[in-house]
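The structure appears right after this line, and notes come after that.
The values are calculated or read from the model by the stated rules, or taken from the named source; none is laboratory data. The model shown is predicted, which means the values in this text are computed figures rather than measured ones. Neighbour counts are summed over all protein chains in view; Cβ atoms, including those assigned to glycine, are modelled from backbone coordinates with ideal geometry. Please note that ligands, DNA and RNA were not included when accessible areas were found on the heavy atoms of the full protein model with its side chains. Shrake-Rupley method; radii C 1.70, N 1.55, O 1.52, S 1.80 Å.
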Amino acid sequence: MTSKPTVKSRPANDSVTAKPEDSVTATAKPEEPRVALVLQGGGALGAYQAGVYHAMHENGLTPDWVVGTSIGAINAAIIAGNEREVRLSRLKEFWESVAHGDLADMSKVTDVARQANTWWTTMDVTLRGVPGFFTPRQLNPFALGWPVAPEQASFYDTSPLADTLKRLVDFDFLNGPAKIRLTVSAMKLTCGELVKFDSRERRIGVEHIMASGALPPGFAPVRIDGDLYWDGGMYSNTPLEIVLEDESKADIDSDTICVMVDLWSAQGPEPTTLNEIENRRKDVAFASRSQSHIENYLRMYQMRRAALALYDKLPPELRSKTDLKDFAGLTDNSTIHVVRLRYGGHDWNMASKDINFSRGSVEWRWEQGYADAMQAAESIKANDVTFGKSDLGLVVHELVGRESI
């Protein structure tokens, strides 16, 4: 069964209107909020993210900044790496190309048949891979426990994904005077450090997107500038902290609307089977840690406000002291609004849901993301949700999605 999603938020003072596409620039104007889109890792569940962007695209809400990890990095690169007129079609092309053919039309069969089809397609993906994404390594010494070169230490070869990214992402556009900033994260293998690759700071290439999604032991690490990187989701699967850290910088004086898409749920029933245990393990391991990031940000925000209030009361001769000069230029005028969208599918509590590339499942997830984001957009337009200044510094707008299989 399904239930209509609702939006819950704390009240704010003033509302703002979402800016049209042609007003989006590389640096958001101080008087209008910048829009950030945060996409976590989740494999095949990432089709839900594509549906969310679809709704944003139709409502003229183009993000100024896309932050992604793993499959979120792939979606983010396609969004940021294309002109508006082809952006959505390129995103659709990717998901249509990786979708696995079903045994029958999933909209016309029983739930038992859909579940059986999902099991079959998932097994086929495990054995044969996904065209345009990854393929099994043939005669693979790694699978036998033998040593191999680090770049080949995996069960699957992801070189097809490199070709797909080169076809669907215009890296010259992405790294030129682009309208959308891109940040993807990956974990440095040798030290466990999370590294962010930002188009504002360096040229982003195929290797950075590949590194962000190199989840072992399925996928091999990717070498960048001499260092090996694994999937950023191993460290932090929802890179909200990247946006929060950026918001606290001295040169950020505009408000931020951050659309955060969650694919995993930390809440769930007690497992009773091996499959259910593995499903809960994945949910807990990859679920958003955003609440702790938000709480830390609020604590730091209040401390910064208190420190700035004291600094403003100091006489000029004390403000110029070396140990206080860092306070000059700091501001506490910005507010960040986090709009949280949650994937509501249970996928029969299957542990393999993230590799379920069944065409029916991919299309269903896209539709759910689109429907949830459109519902949020309608609530915003009806002023049920307002984006104004808040003394809290951060306001969370929670979208409760529909329950489903």
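Observations, loosely collected:
- Matching entry among LEU168, LEU182 (being over 27 Å from ALA266 (Cβ atoms), crowded, with 23+ Cβ neighbours inside 10 Å and of a type in the set (A, V, I, L, M)): LEU182
- Residue within the stretch 221-241 that is small (Gly, Ala, Ser), part of a strand (DSSP E or B) and either at pLDDT 95 or above or at negative phi (or both) present: no
- Residue pairs meeting the criteria (Cβ under 9 Å; at least 6 apart or on separate chains; first within 23 Å of LEU61 (Cα to Cα), in the stretch 353-377; second among the aromatic types (Phe, Trp, Tyr) and not in a helix (DSSP H, G or I)): ARG365/TYR343; GLN368/TYR343; GLY369/TYR343; ASP372/TYR343
- Tally, over the stretch 286-301, of residues that are open to solvent by less than 40 Å² (accessible area, probe 1.4 Å), closer than 15 Å to ILE242 by Cα and not in a helix (DSSP H, G or I): 1
- Looking across the stretch 127-151 at every residue that is closer than 20 Å to THR164 by Cβ and part of a helix (DSSP H, G or I), the one that is most open to solvent (accessible area, probe 1.4 Å) is identified as ARG128.
- ASN59 fulfils the conditions (1) polar (S, T, N, Q); (2) over 21 Å from ILE180 (Cα atoms); (3) modelled with pLDDT of 90 or more except for a single criterion, (2).
- The residues in the stretch 267-285 that are of a type in the set (Asp, Glu) and open to solvent by less than 60 Å² (accessible area, probe 1.4 Å) can be counted, and the count is 2.
- Yes/no for SER404 being open to solvent by less than 30 Å² (accessible area, probe 1.4 Å), at pLDDT below 85 and either among the aromatic types (Phe, Trp, Tyr) or under 23 Å from THR118 (Cα atoms) (or both): yes
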